[in-house]
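Written below as structure tokens is the structure these notes are about.
None of the figures in this text is laboratory data; all of them are computed from the coordinates on show. All of these numbers come straight from a predicted model, not from anything done at the bench. Glycine gets a Cβ as well: all are built from the backbone with ideal geometry, and neighbour counts include every protein chain shown.
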Amino acid sequence: MGAIGVFLGCSPIAQSDTPLPLLTSEPLLESQPPPTLAVRIETVVEGLEHPWAVTWLPDGSALITERPGRLRRFHQGRLGSPIPGVPPVFAQGQGGLLDVALHPRFAENNWVYLTYAHGTASANRTRLARGRLVGDRLEDVTVLFEVSQTKTGGQHFGSRLAWLPDGTLLMAIGDGGNPPLELEGKFIRQQAQNRRSHLGKIIRLRDDGTVPEDNPFVGDATATPELWSYGHRNIQGLVVDPVTETVWSTEHGSLGGDELNRIERGANYGWPVVTYSREYWGAEITPERRRPGMVDPLVVWTPAIAPSGLAVYRGDRAPQWQGALFAGGLVSQDVRKIRVNANNAVESRGRIPIGQRVRDVRQGPDGYLYVLTDDAQNGRLLRILPPT
């Protein structure tokens, strides 16, 4: 395994990082790819089957999920056998074993958190479980949370995890799927506006799966107590900036209309009442793009990039990237760099071509960016290095 590309682009990052005018409250509508950034890319792991997420253990080894239901450990140049103890998953369509996250005090308790699709093609839902990593197996595996309603098909499970500074856990859950899929006599996507449903939401839990008493809708009979934010379609990128404590997300639109959002406690992000997206067959979903009381996205991607994986760079290997967001793209097969200022205006953008569907983007413990690519036979973990 070695470098798969020496340089992508022909100018230094600082020069290709094109400034943009400060935005008003209108989102940035990105219809053309931004300038290419000059980087080096190295292959760290290859031969993965639909990898979905990666995280690092204190010893520097990496845990990688594969959607068919495998949790693998990569250590000292070797990809280990599947780790026993992973719960059975519903691996169909977009479903399977999805995100992985370590407890903030993993060094003390060895807790590993997994999200996954559970059930059958006719009745499935997103679950959250945790288990102790003991050697190379998971023990004491417990389901901490499951979506309240089952659905059919294999779409829109969401599943990204992010820890808040207070030690509580955010979990993104998709809206359930596209028309003609229905629930309770309406398109299932309408559940994103139903505050009693978990579908199309971000929820907040304690590390043991119980509900924090200070969640925004605790005690509200019109809402589920786990609710943190709502009106989401299918969040596939979720990250908390360790410096500013800002929560960022990226979510898929339908035909265009992918979004970058700043997540606020108790806020409504509009789907499907307001959206820049269209039906897959081209029809308008709604004529409304904005509505009072609903949060506007900061960036809208049309055509769609299908964002998946999101990181805030806070390393020391690339000072010029400090504080920037890096969003992976499944359809665009690249990583989009976005710098947002204190006024929530996009100041600059850039693009790192990858050449495979990008499923996850993380900052590694060595201060470099890492990208996980989605492929049926040769999914890869890549290291992104700034030019020397």
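Close amide H partners of Ile285, meaning residues 5 or more places away or on another chain with modelled amide H under 5 Å apart, are Glu279. Per-residue Cβ neighbour counts within 10 Å put Met294, Met171 in the sequence Met294, Met171, beginning with the fewest. Pairs of Cα atoms in region 3-385 fall into 20 Å distance bins, from 0 up to the last occupied one, in shares of 30, 61, 9 percent. Between region 101-132 and region 144-217, what is the separation of their alpha carbon centroids in Å? Cα centroid to Cα centroid, the span is 14 Å. Across region 188-346, how large is the tail of the calculated P(r) beyond 21 Å, expressed as a percent of all Cα pairs? That fraction is 48 percent.
Packing-based ranking of 50-60, 94-104, 281-291 yields 94-104, 50-60, 281-291, ordered from highest to lowest mean Cβ neighbour count within 10 Å.
Determine the relative contact order of region 295-388: mean sequence separation of Cα pairs under 8 Å and six or more apart, normalised by residue count, in whole percent.
23
Between Gly200, Gly135, Gly367, the GNM of the chain built on Cα springs shorter than 10 angstrom shows Gly135 fluctuating the most. Using a 7 Å offset from Cα along Cα-Cβ at Leu255, what residues in region 267-282 end up with backbone N under 15 Å from the label point? Those under the cut-off are 276-282.
Take every Cα pair under 8 Å whose residues are at least 6 apart in sequence, average their separation, divide by the length of region 3-385, and the relative contact order is 16 percent.
Taken about its Cα centre, the chain carries a charge dipole of about 400 debye when Lys and Arg each add +1 at the Cβ and Asp and Glu each add -1 at the Cβ.
Each Lys and Arg contributes +1 and each Asp and Glu -1, all at the Cβ; summed about the Cα centre of region 247-313, the dipole is approximately 160 debye.
Nearest 5 percent is fine: what portion of the DSSP beta bridges confined to region 155-263 is antiparallel? The partial results should precede the final answer.
On the way: 24 of 24 bridges.
Close to 100 percent.
Over all pairs of different C-alpha atoms, region 76-141 has a mean inverse distance whose reciprocal, the Kirkwood radius, equals 12.9 Å.
Each peptide among 219-231, 349-361 gets the average number of other Cβ atoms lying within 10 Å of its residues, and from highest to lowest they stand as 349-361, 219-231. Taking the average, over residues, of other Cβ atoms within 10 Å as the packing measure, peptides 113-119, 181-187 rank 113-119, 181-187 from highest down. The DSSP beta bridges internal to the chain are antiparallel in roughly 95% of cases.
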